[in-house]
1. Working carefully through the options 176, 171, find the one that is open to solvent by 20 Å² or more (accessible area, probe 1.4 Å) and out of contact with any Pro (no Cβ under 9 Å at 6 or more places or on another chain).
2. Can you tell me which of 265, 289 is in contact with a Lys or Arg (Cβ under 7 Å, 6 or more places away or on another chain) and touching a residue at least 40 places away in the same chain (Cβ under 8 Å)?
3. Of the residues 226, 213, 207, 255, only one is open to solvent by less than 60 Å² (accessible area, probe 1.4 Å), without any contact (Cβ under 8 Å) to a residue 24 or more places away in the chain and under 20 Å from residue 130 (Cβ atoms); which?
4. Say we look at the range 113-155 and pick out the residues that are assigned to a strand (DSSP E or B), open to solvent by 10 Å² or more (accessible area, probe 1.4 Å) and not aromatic (Phe, Trp, Tyr); which of these is farthest from residue 270 (Cα to Cα)?
5. Those residues that are over 21 Å from the mean Cα position of the chain (by Cα), outside any loop (DSSP other than H, G, I, E, B) and of a type in the set (Lys, Arg), I need them from the range 163-200; list them, please.
6. Condition test on residue 125, is it within 11 Å of the chain's Cα centre (by Cα) and of a type in the set (Gly, Ala, Ser)?
7. Filter the range 27-66 down to the residues that are over 20 Å from residue 297 (Cα atoms) and either in contact with a Gly (Cβ under 8 Å, 6 or more places away or on another chain) or part of a loop (DSSP other than H, G, I, E, B) (or both) and list them by number.
8. When you go through 110, 45, 29, 74 one by one, which is the residue that is buried (at least 16 other Cβ atoms within 10 Å of the Cβ) and not hydrophobic (A, V, I, L, M, F, W, C)?
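The values are calculated or read from the model by the stated rules, or taken from the named source; none is laboratory data. Quick caveat: nothing in here was measured; it's all calculated off a predicted structure. Cβ: placed from backbone, ideal geometry, glycine included. Neighbour counts: every protein chain shown. With ligands, DNA and RNA removed, areas are computed over all heavy atoms of the protein, side chains included. Shrake-Rupley method; radii C 1.70, N 1.55, O 1.52, S 1.80 Å.
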Amino acid sequence: MSPMCPYKNRELPISVNTKLAALIGWPLGHSASAEMHNDAYAAMGLDSIYLPLPVEPQNAAEAVKAMETMGFMGCNVTIPHKVAVKELMDELHPSAAESGAVNTVLFKEGRRIGYNTDGTGFVHALIEKGGFHPSGKSCLMIGAGGAARGVASALAIAGAAKFLIANRAEEYEMAERLADDMNALRPGSARPLVLDKKSVGGALEEADFVVHATRLGMRPNEDTVAFDTSLLSPRHFVCDVVYSPRETRLLREAAARGCRTLDGMWMLVYQGAEAVRIWTGMEPPVDVMAAGCERFLEDLQKH
């Protein structure tokens, strides 16, 4: 008898025909991606499995090559690999080319095709779950790494007018590079800032919404926050890409200031759904993926 997969809701036996996908990152810690992807595959009747694979930064190229060799459908890519993996691709989808970062890889006919579904996932979440449309709005972006790049690019495509990109002083060059890349595509749209109280305070006078795109506030460092939230006012819409915990300190303090907020779970769900579309060519059950993600986060909270 073939061995059975331990993932919930899967009834198909594991065999040589089982298609594989994965998440690579370092460190991975607790990730909801496997839960929601495997629930989606089961609901779709697909003989597929999604695996979380911790990969140290120096081994990213070897990991991508190994997955391609073993016939994986593709992989998701998270911190710190999103920019480095871009250089390993044979082809870049416009979402990755514009953002400068890859979070989804498709292995197809001997080629590696890089996408960035972070941004499209975020915009879907912002509009559909947050009820906020970025068209014509000004954004304060906290962070300038791979997630920030994907989100900023997609927001620009969705019509956001201005980007104030704040990063720590020791990584200010990353904010400059992201602003330069945004301005190359849309002249005058972006300005880099040092992440300090004075700069953030000034930026918030211009910004309509805030996107926090760093790891600060992520479990197990739930008590950290990127900036002084007393600078927020009720007119700001505040978004966090962190999803564990679902209510971060930033979102809790923003809500106390009267701000509308959006947690990172919905970005995770929608970017994951887009990855399923890319790998399978099928429409994923977003509601099933959301339920799996919520269940995972609830279980994680208990422990």
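1. 171
2. That would be 265, the only listed residue that is in contact with a Lys or Arg (Cβ under 7 Å, 6 or more places away or on another chain) and touching a residue at least 40 places away in the same chain (Cβ under 8 Å).
3. 255
4. 138
5. 191, 197, 198, listed by residue number.
6. no
7. Matches in the range 27-66: 45, 46, 47, 55, 56.
8. Testing whether each residue is buried (at least 16 other Cβ atoms within 10 Å of the Cβ) and not hydrophobic (A, V, I, L, M, F, W, C) leaves just 74.
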